[in-house]
Amino acid sequence: FRVDKRKHTDLSKFITTMRQQYQKLKDGQSSQLTEEQVQEMERIGFYWDEFEEEWVQRYEELTEFRAREGHCRIPITYDESPGLVAWMTAQRHYYEQMKEDENSRLTEEKVQM
């Protein structure tokens, strides 16, 4: 649910509020969000974590590229998905952090995909 904040300010605010309320709910704090609302949002494929949402989107783009091209060497000027190269660079950085036992956003589960 990536939203252009300039074009859809109300929807963007709604998503931000939902994510904040969800975090409160997870932390055991008072939240305006109910479990039923959480289930409804998840039913339509809503990601509570923006990092996870982007990761899944970019991973899908990479798998499509690999299926089409037979490799994962994304050209620096890849117009079809300009952010894919930056995402790949970040994943390599997170992988190095993980190997060094540092705090990393990358999980072993994702590496095994």
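The values are calculated or read from the model by the stated rules, or taken from the named source; none is laboratory data. Just so it is clear, the model here is predicted, and its values are computed rather than measured. Neighbour counts run over all protein chains shown; Cβ positions are idealised from the backbone, glycine included. Accessible surface areas use protein heavy atoms only, side chains included; no ligands, DNA or RNA. Shrake-Rupley method; radii C 1.70, N 1.55, O 1.52, S 1.80 Å.
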Pull up the range 1-52, narrow it to residues that are of a type in the set (Gly, Ala, Ser) and more than 23 Å from residue 110 (Cβ to Cβ), then point me to the one that is least open to solvent (accessible area, probe 1.4 Å). 12
Tally the residues that are within 15 Å of residue 61 (Cα to Cα) and not in a helix (DSSP H, G or I), restricting the search to the range 81-113. 4
